[in-house]
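Have a look at the structure that comes next, please.
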Amino acid sequence: MKTRITEMLGIEHPIVQAGMSWASSSAALPATVSNEGGLGVIAAGPMYVEAFKGVLDEMSALTSKPFAVNIPLYRPQVDDILNVMYEHRVPVIIASQGGPKAHLPRFREYGAKWIHVVSTLEHALKAEAAGVDALVVVGAEAGGHPPVSGVSTLVTVRQVLREVSIPVIAGGGVADGWGIAALLALGADAVQLGTRFLVTPEATVHAAYKEAVLNARAADAVLVGRRSLPVRALNNAFTEAIFDAEQRDVSKEEYEALFKKSTLKQAALDGDVAWGKVEAGQSAGLVKTLEPAGELMRTLVRELEDACGRMEAMARRTALA
Ligand SMILES: Cc1cc2nc3c(=O)[nH]c(=O)nc-3n(C[C@H](O)[C@H](O)[C@H](O)COP(=O)(O)O)c2cc1C
């Protein structure tokens, strides 16, 4: 399948494994996805420089295909990570939270593509004006930090596509090839999946985390922390404590302390799925099996082809089974 994104990045399928802190802060998952013709994404957000260099070295050994590094621009020591990315000639950068303008010129020197993550039309327009090559656009269903407005993927992505001319990778709420086809039909040039790739042996999160995602219903992925930096995570003792604090209308200090005491790392590395932030999207309700990432990629491609075949048959006005 050819789209503006597959052409721009030199990948075979319009499928992106979303950058996920801890889960893809390692080489196995991104390398497997890239080797299968998708775009694997290393999440550099929580990584120290030395560990990051090690993962880039591992990537060179595991794949010769294009891959990306996801970096939130607000994090401390972001310049150190960007310097390593520049030295290693990382081919695709997927940045979030912060302005891209200052960083673009030197990455353009060697032909890197800069993709910016946004969840509103306003930020999409700003990123396009700053000169980025493409956008990742996610709606409210997404795991991690979705738009606080609650505007769905279907509406957010369509809004952006009507107004921008650069290619769009859409995501939030997609767990199979049928969802990928839906967002491509909407006009997206590729689709990114996060939660679905969490439940693979290659994702570097604790087994208890994967089990929690497998057992979750869609409605269990709640938006928590409305008075802080809201996150979509699975309902547990931590989210209940936050909702309770909101009901009791506790002070800002007490609220922040409670919210920050719980971390994604606690759930992802220690397996504390009761009190950690078990970040996952509503698509958790569609994830029923743990599947090796390579096999998953092949399943996604097969389902995408089936979904497209169904649409083609509809266009030819053939009766559907
Ligand atoms: C566990 C987890 C960690 C995430 N970490 C990051 C991150 O470090 N940087 C980022 O830009 N997005 C992050 N996200 C958001 C994903 O990149 C992606 O937008 C989201 O998972 C898409 O929604 P889905 O989970 O329904 O597929 C994270 C999501 C999850 C589930």
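The values are calculated or read from the model by the stated rules, or taken from the named source; none is laboratory data. Bear in mind that the values here come from a model prediction, so they are computed numbers and not experimental data. Here the Cβ positions follow ideal geometry from the backbone for every residue, glycine too, while neighbour counts run over all protein chains shown. Heavy atoms of the whole protein, side chains included, go into the accessibility calculation; ligands, DNA and RNA do not. Shrake-Rupley method; radii C 1.70, N 1.55, O 1.52, S 1.80 Å.
Per residue, how much accessible surface does region 4-204 expose to a 1.4 Å probe? Answer in Å², no decimals.
About 36 Å² of surface per residue is accessible.
Do any trypsin sites (Lys or Arg not before Pro) in region 225-269 lie in a DSSP loop with no more than 11 other beta carbon atoms within 10 Å, and if so, which?
Passing both the DSSP loop test and the Cβ count: 248.
Using every alpha carbon pair in region 207-282, what percent of pairs falls into each 10 Å bin from 0 up to the bin containing the largest distance?
Whole-percent P(r) values from 0 Å outward: 21, 54, 22, 2.
Between beta-carbons, use under 12 Å as the cut-off and find the net charge around residue 84, counting Lys and Arg +1, Asp and Glu -1.
-3
Here's a follow-up. Any aspartates and glutamates with Cα under 19 Å of the residue 126 Cα? List them, leaving off those in the same chain fewer than 8 positions away.
Excluding near neighbours in sequence, the set is 163.
For the chain, return all DSSP H helices satisfying: extent of Cα atoms along own axis at least 30 Å; mean Kyte-Doolittle hydropathy at least -1.0.
TM-like helix candidates: 293-315.
For region 207-282, report the accessible area per residue in Å² (1.4 Å probe, heavy atoms, rounded to an integer).
Value returned for region 207-282: 50 Å² of accessible area per residue.
Given the options 211, 305, 254, which has the most mean-square fluctuation in a GNM of the chain, springs set between C-alpha atoms less than 10 angstrom apart?
Sorting by GNM fluctuation, first place goes to 254.
Excluding residues fewer than 8 places away in the same chain, name every one of the aspartates and glutamates whose C-alpha is closer than 15 Å to that of residue 2.
By straight Cα distance, residue 2 reaches 12, 189, 305.
Expressed in nm², what is the orientationally averaged projection area of the convex hull enclosing the Cα positions of the chain?
Projected area, direction-averaged: 16.4 nm².
Where Rh is the Kirkwood radius over the Cα pairs of region 181-321, the temperature 10 °C and the viscosity 1.306 mPa s, what D in µm²/s does Stokes-Einstein return?
93 µm²/s
Residue by residue through region 139-150, which ³J(HN,Hα) values in whole Hz follow from phi under the Karplus form 6.51 cos²θ - 1.76 cosθ + 1.60 (θ = phi - 60°), with glycine and proline marked x?
x, 4, 6, 5, x, x, 10, x, x, 6, 4, x
I would also like to ask the following. If I build a Gaussian network model for the chain, linking alpha-carbon pairs within less than 10 angstrom, which residue out of 145, 206, 103 has the largest mean-square fluctuation?
For the chain, modelled as a Gaussian network with Cα springs under 10 Å, the answer is 103.
Using a cut-off of 20 Å between alpha-carbon atoms, which aspartates and glutamates can reach residue 261, once sequence neighbours fewer than 8 places away in the same chain are excluded?
240, 244, 246, 249, 253, 270, 272, 279
Carbon and sulfur together cover what percent of the accessible area of the chain at a 1.4 Å probe radius?
Its accessible area is 53 percent carbon and sulfur atoms.
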